[in-house]
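Below is one structure, written out as structure tokens; the observations come after it.
The values are calculated or read from the model by the stated rules, or taken from the named source; none is laboratory data. Keep in mind it's a predicted model, so treat the numbers as computed, not measured. Please note: Cβ atoms are built from the backbone with ideal geometry, for glycine as well, and neighbour counts cover all protein chains shown.
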Amino acid sequence: MSTLNVEDIQRELEYHYPDLRVINEDGRILVRGSFPVLHDAFVLDRFQIQVEFPPDFPDSFPKTWETAGRIAFTGERHTFIGGASCLQVPEEWLSLPRSERTPLHFFQGPVHNYFLVQCFLDIGLPWPHGERSHGVLGVIESFLELLGVDSPNQIVPFFKALQHTWIKGHWDCPCGSGKIIRQCHQEHIRNLQSRITPDVAGKAIARIIEQLELHRKEQERESSV
């Protein structure tokens, strides 16, 4: 697991999250316990959670579960069948600087924001940060924001361009304008390259393909009922 181990993660989390325990279970590094949800310096609620850190963290996104059965397995609650929590589109996390992808950042960012939303929904309040759609529409909304583009049709071409370490100015611009990159989005693409690696771009394309396939199967199931 990159440079992380149980002791490192426990030491990093213990001040802010003393009720979380880090264990190695059959080679899986897991964090379990009571997670406090803070808002304006007050603890709104606590959730029993489990987080599994992938072997290549921070280059992959951890999986998170609410383990006490309080949150329904529905799209409205942004949970998957089986109980895993949909915290955010992983490529948003992976595009952050490496220094901002520590275990503590993960709990204070994606995990906290997700469970804060659950607290708001429990008492009938709207999402505090604005809600994205679930499934493929949420992925599209996320990638439009991440890339800073206007059309869903531009998402895959931009990510395909970003899969290259060197992007040449005479290539067609992925925006679809018909111009070459040098005369169109060259500076924008350079800025994206500083945040989105070729590996992350490839993962983003795979995610879109996966979500489109899941959406197709869901539509087929609905039409057969």
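Quick look at the values:
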{"item": "Residues of region 27-43 classified as surrounded by fewer than 10 Cβ atoms within 10 Å (Cβ to Cβ) and either under 17 Å from Ile9 (Cα atoms) or touching a helix residue (DSSP H, G or I) at 6+ places or on another chain (Cβ under 6 Å) (or both), total", "result": "1"}
{"item": "Residue among Ile155, Ile167 that is in contact (Cβ under 8 Å) with a residue 40 or more places away in the chain and more than 21 Å from Val51 (Cβ to Cβ)", "result": "Ile155"}
{"item": "Any hit, region 42-52, residues being free of Cβ contacts under 8 Å to residues at least 40 places away in the same chain and under 27 Å from Leu146 (Cα atoms)", "result": "yes"}
{"item": "Residues being part of a loop (DSSP other than H, G, I, E, B) and either more than 20 Å from Glu14 (Cα to Cα) or at pLDDT 95 or above (or both) - total across region 58-68", "result": "6"}
{"item": "Verdict on Leu214 being outside the structural domain of Leu94 (by TED's automatic domain parsing) and closer than 17 Å to Leu94 by Cα", "result": "no"}
{"item": "Candidates Asp45, Asp56, filtered to the one that is closer than 18 Å to Leu4 by Cα and among the charged types (D, E, K, R)", "result": "Asp56"}
{"item": "Which numbered condition Phe73 misses (of (1) surrounded by fewer than 20 Cβ atoms within 10 Å (Cβ to Cβ); (2) among the aromatic types (Phe, Trp, Tyr); (3) under 13 Å from Ser142 (Cβ atoms))", "result": "(3)"}
{"item": "Residue in region 5-26 that is surrounded by fewer than 20 Cβ atoms within 10 Å (Cβ to Cβ), in the same structural domain as Ile81 (by TED's automatic domain parsing), in contact with a Ser or Thr (Cβ under 6 Å, 6 or more places away or on another chain) and farther than 21 Å from Arg98 by Cβ present", "result": "yes"}
{"item": "Single match in Asp172, Asp199 (criterion: outside the structural domain of Pro58 (by TED's automatic domain parsing), modelled with pLDDT of 95 or more, among the acidic types (Asp, Glu) and under 17 Å from the mean Cα position of the chain (by Cα))", "result": "Asp199"}
{"item": "In region 113-133, residue modelled with the lowest pLDDT [restricted to those that are within 13 Å of the chain's Cα centre (by Cα) and not aromatic (Phe, Trp, Tyr)]", "result": "Arg132"}
{"item": "Counted residues, region 84-109 - those being surrounded by fewer than 15 Cβ atoms within 10 Å (Cβ to Cβ) and part of a loop (DSSP other than H, G, I, E, B)", "result": "2"}
